[in-house]
Every structure is written in C-alpha cells, then in structure tokens.
Amino acid sequence: MELYFAPMEGVTGPQFRRAHHNYFSGVDQYYLPFISPTQDHVFTPRELRNVGPQANEGIPVVPQLLTKRAGDFIWAVKELGKMGYREVNWNLGCPSGTVVAKGKGAGMLADLRALDEFFETVFSADLGGVAISVKTRLGLESPEEFPALAEVFARYPISLLILHPRIREDYYKVPVREEEFVKALPLIGCPLCYNGGLVNAEGCARAAEKFPKLRGLMIGQGLIADPALARKARGGPPASWEELQAFHDALYQGYLRDFASEKNAVFHMKELWSYFFRLFEGGEKLFKQIKKAQNGSSYESAVNQIFRTLPLREEADWSR
Ligand SMILES: Cc1cc2nc3c(=O)[nH]c(=O)nc-3n(C[C@H](O)[C@H](O)[C@H](O)COP(=O)(O)O)c2cc1C
C-alpha cells in the first residue's frame, strides 16, 4: 500500500518537503498545498516557488489545483505537464468559508451539474497525458450526498480518488466518519486512497487491513507531529533524537534562507511546533515560549532546551 503526504497549506511548503524527504523515508508522494490558477494564465512567483521543478528536484510530488473554472484548470495542467508532472490533483474538499462561498473546494460538491460539466470539459481536453486525481469529502452538508457524487465520478477516468470521510462542516476536527467510508467503498470504481485521522503506525496498519483494496493511505497532521510515521508504518524505526534535530535545523535554516526575515521564519516554525510538540514528554512552558517567540534568539533558546531536556516519545501524544 502506498503512503502519501497530505497537502497542508502553510505547513508542507517546499522547505518542509525538502527537509522531510532528506531525513525521513517512507512517503511515496508528497501532494502539494493548492495553488489557485486565475484567468490571467500565469503562475505567480510565489506559486512557482511551490510547484517549480527546481523547488522539488528529486522529490516525488503531485501539484494540486483549486478552481471551479475548467479552462483555468486545463491551462494549469498543461503548464504543469510541460514542467514534467505526470499527475495533477484537483482540490474538491477545501472547507474554508471563503473558498466554499465562491463555489470552489467543498463548495463545488453542492452543484452536481457544474461538477459534471467541469469533468466533461477537462477530460475531453488534450492534457498531454497528465493524469487527474481528485481529493474530496463525503459531501458538503451530509454524507447522504455521496452516492450521487460517486455517480458523477464514475463517468470519468479519475486516476485516484482521495476520500477524506468527513463533510464540509466537520472541517478537520469532528472524528472521521469511517462507517460512511465503508458505505462509499462499493460505489467507487477508480483507484482509491483513504485520508483522515491516521496518527500512528497501528492506525495505518488497521486501515490497510480493513481496506485491503485501497491504492494508498494519505497522512497529514500525523506526519507533522511524527515525521517518521510513514517509515514506522512500513515497519521501520521511530525517529531518533539526532534525526529530529537535523530535520528541525534543516527546516529552520531553509526558512531563514528563503524568507530573509527571522520573524517570518520563526512564525513558520510555530506551525510545525503546533503538531511537533506531541512527540515530546512534558515541556508545556517551553512550547508556550515558542508560541510567544517574536525573534530567533527566544525561539532558539526554547528549542535548544526542548532537545536537550525533554524525553522523546515513541508515539505522538494526541490526548493533549
Ligand atoms: C493547516 C491545514 C492545511 C491544509 N491544506 C490543504 C490543502 O492545501 N489542500 C488539501 O487538499 N487539503 C488541505 N488540508 C487537508 C489535509 O490535506 C487533510 O485532508 C486533513 O488534514 C485530514 O488528514 P489528516 O487527519 O491526516 O491530517 C489542510 C489541512 C490543514 C489542517
């Protein structure tokens, strides 16, 4: 079974992927946080820093697009194809208020006709051999919407359906609706990937055993909290203290180099620590110091103490 790193806007940017890929094995593909192509049909410098081939050299990545306009989608797929990508993912699940209000992401799940037209236009275009995968939810307002959605999906050659068994208003918090995933399984004919709530090797093994026909499992927050999780899910060892520190330092140095602002680099490191703290025993005061840090020295002093003094856990602690 393949293991994929979930796209996470603001967390799994190019610096993160590079550092993770250098220090931890086990991830078959990194799905990139979404970019939103517009009618201008140019990628912005910021987007190119995310999807440009030089940002991802040697790393197996799949770009993701968020748009409801088939023309802009097709343009972007062709451009990405020219850069060498063989798969592009469509974001059909983003729950954010502004995205849904514009009828994009999970917002598009409410309009089956628009969805069907989008696929019809996209799949009749010459995409230069680039495969189209889709990341979606069970529905906008109710899992009852899924059978009708599955009928639309079944009409098109979707290369991989990544299903996050939640509805829009669950965001990422309400427990994953696994029983609804079980109901959805027989309705899906294309290769399928399960995403949501996989936070330890045991959970991955259980999902693989329960759903043996899946192409893959996608992990997001679990892999941020424990960067060795994919390796562990394949029977490998947990992260060593040295690996974690080297990974942390590579990421921090990458941010310092690319953002040319210590404050900005520290701000981005806080995103990592909002999950990463779970891998350490205790240390509440030090994590608070990280949250409050406004400059490199205050941040580094907290991090040094964490690595010097806190015992490392074998599994991330999701109870706090
Ligand atoms: C901070 C954050 C950013 C995310 N950004 C994206 C994104 O850019 N594209 C996307 O399809 N999903 C995005 N997601 C959803 C994740 O890819 C994933 O579906 C979700 O976290 C559930 O998986 P998990 O329980 O393994 O984390 C994001 C989630 C979070 C928490």
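The values are calculated or read from the model by the stated rules, or taken from the named source; none is laboratory data. Values in this document were obtained by computation on a predicted structure and should not be read as measured data. Note: ideal-geometry Cβ built from the backbone for every residue, glycine included; neighbour counts use all protein chains shown. Remember, those area values only see protein heavy atoms, side chains included, never the ligands or the DNA or RNA. Shrake-Rupley method; radii C 1.70, N 1.55, O 1.52, S 1.80 Å.
Is there any pair linking a residue in the stretch 251-276 that is over 15 Å from I224 (Cβ atoms) to one that is away from the ligand (no atom under 16 Å from the Cβ) and hydroxyl-bearing (S, T, Y), with Cβ under 6 Å and at least six apart or on different chains, and which?
Between residues of the stretch 251-276 that are over 15 Å from I224 (Cβ atoms) and residues that are away from the ligand (no atom under 16 Å from the Cβ) and hydroxyl-bearing (S, T, Y), the close pairs are A265/Y255; V266/Y299.
Any idea which of (1) more than 10 Å from the ligand (Cβ to nearest atom); (2) within 20 Å of N195 (Cα to Cα) is the one G93 doesn't satisfy?
It fails just one condition, (1).
Going residue by residue through the stretch 109-131, is there one that turns out to be in contact with a strand residue (DSSP E or B) (Cβ under 6 Å, 6 or more places away or on another chain) and farther than 21 Å from M8 by Cα?
The answer is yes; a qualifying residue exists.
In this structure, does G282 turn out to be on the phi > 0 side of the Ramachandran plot and over 27 Å from the mean Cα position of the chain (by Cα)?
Details: on the phi > 0 side of the Ramachandran plot: yes; over 27 Å from the mean Cα position of the chain (by Cα): yes.
It is true that G282 is on the phi > 0 side of the Ramachandran plot and over 27 Å from the mean Cα position of the chain (by Cα).
Could you check how many residues of the stretch 283-320 are over 21 Å from P227 (Cβ atoms) and either part of a helix (DSSP H, G or I) or open to solvent by 70 Å² or more (accessible area, probe 1.4 Å) (or both)?
Looking only at that region, the number is 10.
Which residues, taken from the stretch 1-30, are within 19 Å of R49 (Cα to Cα) and more than 16 Å from the ligand (Cβ to nearest atom)?
R18, A19, H21, N22
Going by the structure shown, is E87 within 16 Å of the ligand (Cβ to nearest atom), modelled with pLDDT of 95 or more, within 27 Å of K232 (Cβ to Cβ) and charged (D, E, K, R)?
When the stated conditions are applied, E87 passes them.
Restricting attention to the stretch 216-250, and to residues there that are away from the ligand (no atom under 16 Å from the Cβ), modelled with pLDDT of 95 or more and hydrophobic (A, V, I, L, M, F, W, C), which single residue is surrounded by the fewest Cβ atoms within 10 Å (Cβ to Cβ)?
The selected residue is A246.
Check L92, L80, L66, L48 and return the single one that is at negative phi, among the aliphatic types (A, V, I, L, M) and surrounded by fewer than 18 Cβ atoms within 10 Å (Cβ to Cβ).
Working: L92 fails: surrounded by fewer than 18 Cβ atoms within 10 Å (Cβ to Cβ); L80 fails: surrounded by fewer than 18 Cβ atoms within 10 Å (Cβ to Cβ); L66 fails: surrounded by fewer than 18 Cβ atoms within 10 Å (Cβ to Cβ).
The unique qualifying residue is L48.
How about the stretch 3-112: which helices (runs of 4 or more DSSP H) wholly inside it have at least 1 residues that are out of contact with any Leu (no Cβ under 7 Å at 6 or more places or on another chain) and aromatic (F, W, Y)?
Ranges flagged: 14-23, 70-82.
Restricted to the stretch 96-116, and to residues that are within 16 Å of the ligand (Cβ to nearest atom) and charged (D, E, K, R), which residue is most open to solvent (accessible area, probe 1.4 Å)?
Only one residue fits best here, namely K102.
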